[in-house]
Amino acid sequence: MKQSQLFPKTRKEAPKDAESVNHKLLVRAGFIDQLMSGSWTLLPLGLRVVAKINQIIREEINAVGGQEMLMPLLHPKEIWSETGRWDKADEIMYKLSDARKKEYVLSFTHEEIVMDLLRKNIKSYQDLPVAVYHFSTKFRNEPRARSGILRGREFMMKDLYSAHTDEKDMVDYYEKVKGAYVKIFDRLGFNFKVVEASGGVFTEKRTHEFQVLNANGEDEIFACDKCDYAVNKEIFEGKEQELCPKCKKGKIEKKEKTVEVGNIFPLGTWYAERMHVYYTDEKGLKKPVWFASYGIGPTRVMGTLVEVSHDDRGIIWNKAVAPFNIHLLELPGGNGKDIYEKLKEKGVDALWDDRDVPPGEKFADADLIGIPVRLVTSERNGDKVEWKERNSEELELLSIDEVLKRLEE
C-alpha cells in the first residue's frame, strides 16, 4: 500500500488526556481514534493488527474443536431474567427500551444466548459435546474507562462456549482450552502467567486468568518462585514468603503488576438448571448440561502488545501481528516503485512511503508505526536497499534478491 493514500496521517503530539503508553502511541501512529471515553474506532492500521490477532486465536481454537459463528448484540430482557443476571449484573449492563416499552440489554457476554441455542438443539448425549465461539462487540458500563484501549465500554471479544454431558468432560475440555490459550499467548510473544482468580458476575467457582507481566498493569498477582502457581490479588488469602500450596517447595513472592488478556470460566450446571437446558443420557435419564466459557479481548491484546513492546520512538510490533511485513522508504533517487512491485509479486505485504516529505519525517514515522523491517531505497544506496529491523540498530545493504530470500526464511 502507498503511504500517501493511508488514512489517517500520523500525529506529532499525543492527545492531551492520554496517560497510558498504548493510548499515546496507537493514536499518534494512526491505529485507533477515540470517539468518546471508552469507545474507539479501529482505523485501517489497527484493524490489520486485530485481524492478525484474531487469526492466531481462530487457528488455535479451531484446533481444539471450536466452531465459529456470530450471535446478536441486542438481547431481550426475558432471557437475562431467567438466570437473574438482569438484576445481578445491573451495574455493568447497558439497558434500553423501544417505543413499545419492550426492554433489552446490549451484550456484555453471551452465556444466556448460547444456552438458548443449546436448549433448542440439544436432545441427547449424542449431541454433546459442543464448542462454539465468535468474535463480537461487548458493551460494559465501566465506571472509569481508562488506560487507552485496555479498558473500554465498547470493545471486541472472542468468546468460546462449551457444553458437556458431565463434569469430567467439561474439565478435560477446559484444560484443552487452557493449553490453546497458552499457545495463543506464546505466539503473540507475551511474557505471561496463568493465574487463579474469582468468577465475578459469571460464577462462584475459581477461574483462570492469563496475565501479562507489565510494570504499568492495573492488576496484581502473587506467584511462586519455583513453579508456575500464581493467584490474583483479589483472592489471595496468604502472606508473602509462605510455602507454595501447589509445589510445596517454593515461596509465594511479592505481587507483580500485570495486564489481563484472557480468562476462562468453569460454569458447571448453574446456567442449565436455571434455563432448563437438559439432555437425555444413555439410560434415558434427563440431566443438565455442563457448561464453560472462555474469553480473549483482541483489542485489549493489541493495547497490551504496545504496552510491553515500545521505545521512546514508537511501537515495536512482532512479525506475527504487524500491520505490514515491510516498511519501504523511498528517498530522493530511489527506485521505490520497482522494489514495491517485486515485493508484491512475492506476496510480501509492504507499506511504501512514497510521500514527498523530508527523509527525517519518513524515518520518524517508520519508528512510530513500528513495522518489523524497514527498507530504504535512495540514490546513495544505488541498486541495493538498506535493511534495518525495528528492534535493532544494525544497518545492512542488500540486493532485492537477498531481501526476498531473507523474508522467506
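Assorted remarks:
- Backbone N atoms of region 340-361 closer than 19 Å to the 7 Å Cα→Cβ label point of Glu379 belong to residues 354-361.
- Treating r as the C-beta distance of Lys287 and Lys77 and R0 as 30 Å, the FRET efficiency rounds to 0.55.
- Cross-link pairs beyond the 29 Å C-alpha cut-off, checked among Lys95/Lys123; Lys2/Lys138; Lys12/Lys138; Lys52/Lys342: Lys95/Lys123; Lys2/Lys138; Lys12/Lys138
- Whole-percent pair-distance distribution, where bins are 20 Å wide, for the alpha carbons of region 11-311: 31, 58, 11, 0
- Cα centroid separation, region 20-41 to region 320-377 (Å): 23
- Relative exposure of His110, His75, judged by other C-beta atoms within 10 Å (fewest first): His75, His110
- Packing, as the average of other Cβ atoms within 10 Å across residues, places the peptides 306-316, 394-404 in the order 306-316, 394-404, highest first.
- Sparse-neighbourhood loop sites, GluC sites (Glu not before Pro) in region 346-386 - DSSP loop, at most 15 other Cβ within 10 angstrom: Glu379
- Reach of Lys246 by Cα under 27 Å, taken over lysines that are not fewer than 8 positions away in the same chain: Lys168, Lys176, Lys178, Lys183, Lys193, Lys205, Lys226, Lys233, Lys254, Lys255, Lys257
- Antiparallel DSSP beta bridges within the chain, as percent of all bridges there, nearest 5: 85
FYI, it's all coordinate maths here, none of it is from the lab. Values in this document were obtained by computation on a predicted structure and should not be read as measured data. Cβ: placed from backbone, ideal geometry, glycine included. Neighbour counts: every protein chain shown.
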